[in-house]
Amino acid sequence: MNFFDLYLKQEISTGVLLLVVFLSRTIVSKIVRRYAKTSQIIERRTNLVIKYINILINILALITLILIWGVQAKDIFITLSSVATVIGVAMFAQWSILSNITSGIILFFSFPFKIGDIIVIHDKDFLEEGEIEDIGAFHVTLRSKEGEVIIYPNNLFFQKGISIMKKPSTNDNEFTD
């Protein structure tokens, strides 16, 4: 017995599945475009919706194809849950990094303090006072009166109260209120 005779049922099912995927993608695309045309929705948004629907159809087809070829459903769910866990952890780490970078850009361009300002951070029981030495992509560097370097993640500046104590004057040795 050769491969084609042994797996004839799976081969026919795969062919039917591919035909259904092709037809459903074509029909859905036409329906979405017709709806967008009557609703006067921007074409860029229409293409994005079609893209997401096609991705969903492809994922469902892949899962169906795996089931057709004999992989157990419980093995698929174990794999999917493992992949979802890894993606969830990666997205959390990515969120934190993106949050700090975005906060750094906002702090750099449009927040009421700048490098050289003396600020107080109201962090529950601790008041941190220092002069801003640097506003980086991920954190702000402060130097306290005692010379201690304090590093604060950028996104915490949007969660804590900040007081600007003194701003530098034109003379570098004097501060104004």
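The values are calculated or read from the model by the stated rules, or taken from the named source; none is laboratory data. Bear in mind the structure is a predicted one, so any value in this text is a computation, not a measurement. With ideal geometry, Cβ positions are generated from the backbone for all residues, glycine too; neighbour counts draw on all protein chains shown. Quick note on the areas: whole protein, heavy atoms, side chains included, nothing else; ligands and nucleic acids left out. Shrake-Rupley method; radii C 1.70, N 1.55, O 1.52, S 1.80 Å.
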**Fill in**
Contact list, first residue from region 128-147 and closer than 14 Å to Lys160 by Cβ, second anywhere and in a strand (DSSP E or B) and aromatic (Phe, Trp, Tyr), beta-carbon distance below 8 Å, six or more apart or interchain, is Glu128/Tyr152; His139/Tyr152; Val140/Tyr152; Leu142/Tyr152
**Request:** Please give the number of the condition Glu148 fails out of (1) at pLDDT 85 or above; (2) surrounded by fewer than 10 Cβ atoms within 10 Å (Cβ to Cβ).
**Result:** (2)
**Prompt:** Quick one: is Ile101 open to solvent by less than 70 Å² (accessible area, probe 1.4 Å), of a type in the set (A, V, I, L, M) and modelled with pLDDT under 80?
**Reply:** yes
**Request:** Go through (1) part of a helix (DSSP H, G or I); (2) in contact with a helix residue (DSSP H, G or I) (Cβ under 8 Å, 6 or more places away or on another chain); (3) not basic (Lys, Arg) and name the single condition Gly70 misses.
**Result:** (1)
**Any chance Ala93 is modelled with pLDDT under 70, small (Gly, Ala, Ser) and in a helix (DSSP H, G or I)** = yes
**Request:** From the list Ile119, Ile78, pick out the single residue that is in a strand (DSSP E or B) and either at pLDDT 80 or above or touching a helix residue (DSSP H, G or I) at 6+ places or on another chain (Cβ under 7 Å) (or both).
**Result:** Ile119
**Fill in**
Just one listed residue, out of Val16, Val86, is within 30 Å of Gly136 (Cα to Cα) and either open to solvent by 80 Å² or more (accessible area, probe 1.4 Å) or modelled with pLDDT under 80 (or both), and it is Val86
**Message:** Testing Lys51 on (1) exposed (fewer than 14 other Cβ atoms within 10 Å of the Cβ); (2) in contact (Cβ under 8 Å) with a residue 12 or more places away in the chain; (3) over 21 Å from Ile76 (Cβ atoms), one condition comes back false. Which one is that?
**Reply:** (2)
